[in-house]
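Student: First the structure, which I've put down as structure tokens, then a few questions once you've had a look.
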Amino acid sequence: MRGSSPLRSLPRSVPSLPLADLRAGARDAVPIILGIVPFGLVAGYAALEAGFSPLQAVGMSVLVFAGASQLATIELLGSDAPLAVAVLTAVVINLRMLMYSASIAPYFRSFRTRTKAGLAYVLTDQSYAISLAAYRDPDREVDRRAYYLGVGLAVWTSWQVATAAGVLLGTGVPPEWGLSFAAPLVFLALLIPAVEDRPSVAAAVVGGGVALLARGAPYDSGLLVGGLAGVVAGVAVERATGVDVGGSDGDLPGHGPGHDGDRSRTSAEDRGRVPGDDHSRAPGDDRSRGDAE
Amino acid sequence: MTTSYSPGTVWAVVLVVGIATYGIRLSFLYLFGRVESVPPRVRTALRYVPPAVFAALVVPRVVTVEPTLAATLFDERLVAGVLAGVVAWRTGDIALTVVVGMGALWLLRFVVLA
């Protein structure tokens, strides 16, 4: 049932997965999908431009399913960077999901390992941020698994469709249109909300500056070197200014390490989401939380 | 730029990145109970991955260092990037950011500087 559309009602015979919560998750994801679509279009187009086959472009979205790292990998392979640099850069970009995994883990602790393995596949900035907001809302009682899957499948489906559309629409666009410039624009839209205090400003300035200076660096390692230098700068400034934003969050469920990173990535994409989030649940739709397993 | 890697190599990279990414996603979901949480130091560092990496992705693609300051500042990519940055800052809308940035690039490339 995981492969079914979350938007249309499934047969009523499906046990133990409350469809109302599945739908609620999918519905809450809709505003965010508006941000995912252009990103996916760019990822599809950029892959083709870098010499990927259409199947590889779409296959990457299925196998990796993490936009920022996909775009970076595409660009690095397109410029014939060493494979280790391409892989390492993608891994560094996706390391932030460690925080999401740790932060959401307490809510999933009672699930079977098999269930966790499935849920992990659709763990993204968006599914993490939206689900956690719902879990932590004292006025909501959602089936955790169903709601999360609703968000995750909606995000997954739109990402795959958008990538495929990017592949289809991108073919035949003349290169002088500079459509590949859309990729840094997407990253710019992700960067701005991630810069929120002095340490993160330092991380961005140093990261961007070093990457610019290292543009001609051997092995196309500029992105990797810049990213790591930026992280070091952010940590150093945090230490120097005594701003303890990341370290003292505590380990309470939903209050853990992901919450900063989540804000940094998704606040922009989400801005329209919060109000709808509160109303998306039908009244009287109470249901026990989904940790029956 | 088109890759000179073979299709098989591209697939291999996609697969390796996919497996690594899945491992990151599953990590604490799987380990929960065995490892309680991310150590504070690691957490602090991870917090700065998004601003650092996104800036490292953006800046070299928007800024082109030219021989003169004027040529550097009035480069079409930089002007379009700054405009898009303002839109991102004010609206937080990815689609609008891309539309304004591309629109500005095309305006500069095909109309103003043509």
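Student: Looking only at segment A:1-41, count every residue that is more than 25 Å from A:ASP137 (Cβ to Cβ) and either open to solvent by less than 10 Å² (accessible area, probe 1.4 Å) or at pLDDT 90 or above (or both) and tell me the total.
Tutor: Result for segment A:1-41: 2.
Student: Now for a separate question. Report, by residue number, each residue of segment A:127-158 that is open to solvent by 10 Å² or more (accessible area, probe 1.4 Å) and closer than 15 Å to A:GLN70 by Cβ.
Tutor: A:TRP156, A:SER158, listed by residue number.
Student: Please enumerate the residues belonging to segment A:217-244 that are in a loop (DSSP other than H, G, I, E, B) and touching a residue at least 12 places away in the same chain (Cβ under 8 Å). Write out each step before concluding.
Tutor: Pass one, segment A:217-244, residues in a loop (DSSP other than H, G, I, E, B): A:217, A:221, A:242-244.
Answer for segment A:217-244, where residues must be in a loop (DSSP other than H, G, I, E, B) and touching a residue at least 12 places away in the same chain (Cβ under 8 Å): A:SER221, A:VAL243.
Student: Hey, can you tell me all the residues within segment A:126-154 that are in contact with a Gly (Cβ under 8 Å, 6 or more places away or on another chain) and among the acidic types (Asp, Glu)?
Tutor: Once the filter is applied, which keeps residues that are in contact with a Gly (Cβ under 8 Å, 6 or more places away or on another chain) and among the acidic types (Asp, Glu), segment A:126-154 yields only A:ASP143.
Student: Separate question: Taking B:GLY8 as the residue in question, decide whether it is small (Gly, Ala, Ser), more than 30 Å from A:THR241 (Cα to Cα) and either open to solvent by less than 10 Å² (accessible area, probe 1.4 Å) or more than 8 Å from every other protein chain (Cβ to nearest Cβ) (or both).
Tutor: On the way: small (Gly, Ala, Ser): yes; more than 30 Å from A:THR241 (Cα to Cα): yes; either open to solvent by less than 10 Å² (accessible area, probe 1.4 Å) or more than 8 Å from every other protein chain (Cβ to nearest Cβ) (or both): yes.
The answer is yes for B:GLY8.
Student: Name the pairs whose Cβ atoms lie under 6 Å apart, with the first residue in segment A:24-50 and facing another protein chain (nearest Cβ under 8 Å), the second of a type in the set (D, E, K, R), and 6 or more positions between them or separate chains?
Tutor: Matching pairs, first to second residue: A:GLY35/A:GLU269.
Student: Grab the helices (runs of 4 or more DSSP H) fully contained in segment A:84-165, keeping just those with 1 or more residues being at pLDDT 95 or above and aliphatic (A, V, I, L, M).
Tutor: Numbers: elements: A:96-108, A:113-121, A:125-136.
Per the criteria, A:113-121.
Student: Here's something else I'd like to know. Any residue at all in segment B:62-72 that's facing chain A (nearest Cβ under 7 Å) and either of a type in the set (Phe, Trp, Tyr) or farther than 22 Å from A:PRO82 by Cα (or both)?
Tutor: Taking segment B:62-72 as the starting set, the residues that turn out to be facing chain A (nearest Cβ under 7 Å) are B:62-63.
Next cut, either of a type in the set (Phe, Trp, Tyr) or farther than 22 Å from A:PRO82 by Cα (or both) only: B:62-63.
Among the residues of segment B:62-72, at least one is facing chain A (nearest Cβ under 7 Å) and either of a type in the set (Phe, Trp, Tyr) or farther than 22 Å from A:PRO82 by Cα (or both), which makes the answer yes.
Student: B:TRP89 versus (1) within 7 Å of another protein chain (Cβ to nearest Cβ); (2) among the hydrophobic types (A, V, I, L, M, F, W, C); (3) more than 18 Å from the chain's Cα centre (by Cα): which is the lone unmet condition?
Tutor: That leaves (3) as the condition not met.
Student: Any chance segment A:239-250 includes a residue that's over 28 Å from B:GLU66 (Cα atoms), at pLDDT 90 or above and open to solvent by less than 30 Å² (accessible area, probe 1.4 Å)?
Tutor: To start, the set of residues in segment A:239-250 that are over 28 Å from B:GLU66 (Cα atoms) comprises A:239-250.
Going one step further and asking which of them are at pLDDT 90 or above, we end up with A:239-240.
Cutting the leftovers down to open to solvent by less than 30 Å² (accessible area, probe 1.4 Å) gives us none.
No, segment A:239-250 contains no residue that is over 28 Å from B:GLU66 (Cα atoms), at pLDDT 90 or above and open to solvent by less than 30 Å² (accessible area, probe 1.4 Å).
Student: Please tell me if B:VAL42 is in contact (Cβ under 8 Å) with a residue 12 or more places away in the chain and at the interface with chain A (Cβ under 9 Å from one of its Cβ atoms).
Tutor: Details: in contact (Cβ under 8 Å) with a residue 12 or more places away in the chain: no; at the interface with chain A (Cβ under 9 Å from one of its Cβ atoms): yes.
No: the conditions fail for B:VAL42.
Student: Ok, one more. Given (1) modelled with pLDDT of 95 or more; (2) open to solvent by 10 Å² or more (accessible area, probe 1.4 Å); (3) over 19 Å from A:LEU123 (Cβ atoms), identify the lone condition not met by A:GLN56.
Tutor: (2)
Student: Let me ask you something else. Restricting attention to segment B:102-113, and to residues there that are more than 11 Å from every other protein chain (Cβ to nearest Cβ) and not β-branched (Val, Ile, Thr), which single residue is surrounded by the fewest Cβ atoms within 10 Å (Cβ to Cβ)?
Tutor: The first filter runs over segment B:102-113 and keeps only residues more than 11 Å from every other protein chain (Cβ to nearest Cβ), leaving B:107, B:111-113.
Applying the additional criterion that residues be not β-branched (Val, Ile, Thr) yields B:107, B:113.
Numbers: B:LEU107: 16, B:LEU113: 11.
Restricting to residues being more than 11 Å from every other protein chain (Cβ to nearest Cβ) and not β-branched (Val, Ile, Thr), the top hit is B:LEU113.
Student: For segment B:48-62, check the following and say yes or no: at least one residue is within 19 Å of A:ASP197 (Cα to Cα), aliphatic (A, V, I, L, M) and modelled with pLDDT under 90.
Tutor: Yes.
Student: Next question. Hey, among the residues in segment A:210-225 that are open to solvent by 30 Å² or more (accessible area, probe 1.4 Å) and closer than 28 Å to A:THR241 by Cβ, which one's nearest to the other protein chains (Cβ to nearest Cβ)?
Tutor: A:LEU212
Student: Which pairs have Cβ atoms under 6 Å, sit 6 or more apart or on different chains, and link a residue in segment A:52-65 that is facing chain B (nearest Cβ under 10 Å) to one that is surrounded by fewer than 19 Cβ atoms within 10 Å (Cβ to Cβ)?
Tutor: A:SER61/A:GLN160
Student: Provide a single number: the residues in segment A:166-187 that are assigned to a helix (DSSP H, G or I) and open to solvent by less than 20 Å² (accessible area, probe 1.4 Å). Give the derivation first.
Tutor: Filtering segment A:166-187 for residues assigned to a helix (DSSP H, G or I) gives A:166-170, A:175-177, A:179-187.
In the following step, the residues that additionally are open to solvent by less than 20 Å² (accessible area, probe 1.4 Å) were identified as A:166-167, A:170, A:181-187.
Residues meeting the conditions: 10.
Student: Working only within segment B:75-101, note down all residues that are surrounded by 20 or more Cβ atoms within 10 Å (Cβ to Cβ) and more than 18 Å from B:PHE54 (Cα to Cα).
Tutor: Passing the criteria: only B:VAL100.
Student: Please determine, by comparing only the residues of segment A:192-204 that are more than 7 Å from every other protein chain (Cβ to nearest Cβ) and among the hydrophobic types (A, V, I, L, M, F, W, C), which one is nearest to A:GLY230 (Cα to Cα).
Tutor: Keep residues of segment A:192-204 that are more than 7 Å from every other protein chain (Cβ to nearest Cβ), which gives A:196-198, A:201-202.
Filter once more, so that each one left must be among the hydrophobic types (A, V, I, L, M, F, W, C): A:201-202.
Details: A:VAL201: 9, A:ALA202: 7 Å.
Among them, the one singled out is A:ALA202.
The values are calculated or read from the model by the stated rules, or taken from the named source; none is laboratory data. If you're wondering where the values come from, they're calculated on a predicted model, not measured in any experiment. Every residue, glycine as well, gets a Cβ built from its backbone with ideal geometry; the counts of neighbours run over all protein chains shown. All accessible areas refer to the heavy atoms of the entire protein, side chains included, with ligands and DNA or RNA removed. Shrake-Rupley method; radii C 1.70, N 1.55, O 1.52, S 1.80 Å.
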